[in-house]
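As structure tokens, the structure follows; a few thoughts come after it.
The values are calculated or read from the model by the stated rules, or taken from the named source; none is laboratory data. No experiment lies behind these values; they were computed from the predicted model shown. Note that we place each Cβ from the backbone using ideal geometry, even for glycine, and neighbour counts take in every protein chain shown.
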Amino acid sequence: MRAAQSLIPELEEIVQHGSPRRRAQALRRITTLFLDGAGAFSEEHISLFDDVFNLLIHEIESKAREELSHRLAPVGNAPKRVVRRLAKDDDIAVAGPILQQSRRLADHDLLEIAETKSQAHLLAISSRSGIAEKITSVLVRRGDQDVARSVAENRGAKLSSDSFTALVSKAEDDDALAETVGLRPDIPPALFRDLLLRATAVVQKRLFASATPDTQSEIRSVLARVTSEINVKAAPRDFSQAQRMVAGLSQQGRLDEEHLLEFAKARRYEETVVALAEICKVPVEVVDRLMTGERPDPILILCKSAGWGWPTARAIIAARLGHKANSSQGLDAAFSNFERLTAATAARVIRFWQMRPRTAATPVGDKGPAARA
């Protein structure tokens, strides 16, 4: 340590009177000195370097801090205080290498950064070779879609059941995330089944192609059960009781948007379908098929043609069978489409549906007459 001690007088002069450029030069020399002997230094020696580093990085340019971060990040016994200071830097170019690589950061440091810093900081943490469950919980909760994908791809990231549930929910509108989550060997079986239920056919095929023989067998079993459930849902429904109730309201002049909204909010599917069909003058069979389609666009058209607002359309979307959850992203897209849709366009499509008493209606967005109306 004689070399380090011999630098102390010069260091003191630089700290008191030196320019940022002289500080950066001294920092490089001290860093090289530390790295050359890091393997032989005691904790006392490392603490001394920690003091020196923290003196020098004050008021130096971010480029010099970034260089220091890159050089210290892979060092197993890097000075802890300067490592924490670099990790908490607002500049991700400085913080990133430490957050991604340094083993000198404690879990409580990572938790604090994950709770308070930017998405770029969260993304850097998500690529660490090992991440504790309590940290991934914060990453999944606070992180955007890029962070979610990175966490899912990281097999060294430990995930709680709640984190898996959140990722499955986020994957509903993200095929890449769905595939990555589905390929994790630690995904709970119940959530794997839920993921398959929500996944597109393309994702289901990719999961099957990438799976082990045992997992392929499980996927076949799940998809068989899904097919069975879909067939049950597709069976004809009995609307007779709902039709009698709605007919009574209509005869009394009380069938209106308010009653329809009550049916939808109570998830009374048959009453919702029959009331919607009666008010819009579209056959019940057609409305039933439109309501069970994958996309909510037909509901938007029915509501727009009747002159109703978004709250009613949203309630009816939520009342659909086979749609246990409607993601905020999906509802945002539906709202945007509802705002763009004109009453005139809605009326044209409605006229087409009104002429199809007992045929399968083509959902909007598919290549069919309804889409071209």
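If you go through the stretch 131-166 and keep only what is part of a helix (DSSP H, G or I), among the polar types (S, T, N, Q) and closer than 13 Å to Asp186 by Cα, you end up with Ser161, Ser163, Thr165. Counting only residues that are outside any helix (DSSP H, G or I) and surrounded by fewer than 17 Cβ atoms within 10 Å (Cβ to Cβ), the stretch 36-48 holds 1 of them. With the structure loaded, tell me whether Leu33 is assigned to a helix (DSSP H, G or I), modelled with pLDDT of 75 or more, within 44 Å of the chain's Cα centre (by Cα) and among the hydrophobic types (A, V, I, L, M, F, W, C) or whether it fails that test. So Leu33 fails the test.
Residues that are surrounded by fewer than 20 Cβ atoms within 10 Å (Cβ to Cβ) and of a type in the set (S, T, N, Q) within the stretch 254-293 comprise just one, Thr292. Scanning the stretch 176-197 for any residue that is under 28 Å from Leu99 (Cβ atoms) and within 9 Å of the chain's Cα centre (by Cα) turns up at least one such residue. Of the residues in the stretch 183-201, not one is buried (at least 17 other Cβ atoms within 10 Å of the Cβ) and either of a type in the set (S, T, N, Q) or not assigned by TED's automatic domain parsing to the domain that holds Arg220 (or both).
Being of a type in the set (Ser, Thr, Tyr) and either crowded, with 17+ Cβ neighbours inside 10 Å or within 21 Å of Leu56 (Cα to Cα) (or both) is the filter here, so list the residues in the stretch 85-131 that pass it. Result: Ser102, Ser126, Ser127. Scanning the stretch 240-286 for residues being of a type outside the set (A, V, I, L, M) and touching a residue at least 24 places away in the same chain (Cβ under 8 Å) gives a total of 17.
When the residues of the stretch 265-283 are filtered to those that are β-branched (Val, Ile, Thr) and in a helix (DSSP H, G or I), the one that is farthest from Phe239 (Cα to Cα) is Ile279. In the stretch 49-80, of all residues being loosely packed, with under 15 Cβ neighbours inside 10 Å and of a type in the set (D, E, K, R), the one that is farthest from Arg128 (Cα to Cα) corresponds to Glu59. If you filter the stretch 157-205 down to residues that are of a type in the set (Gly, Ala, Ser) and free of Cβ contacts under 8 Å to residues at least 12 places away in the same chain, you find that the one that is farthest from Thr215 (Cα to Cα) is Ala201.
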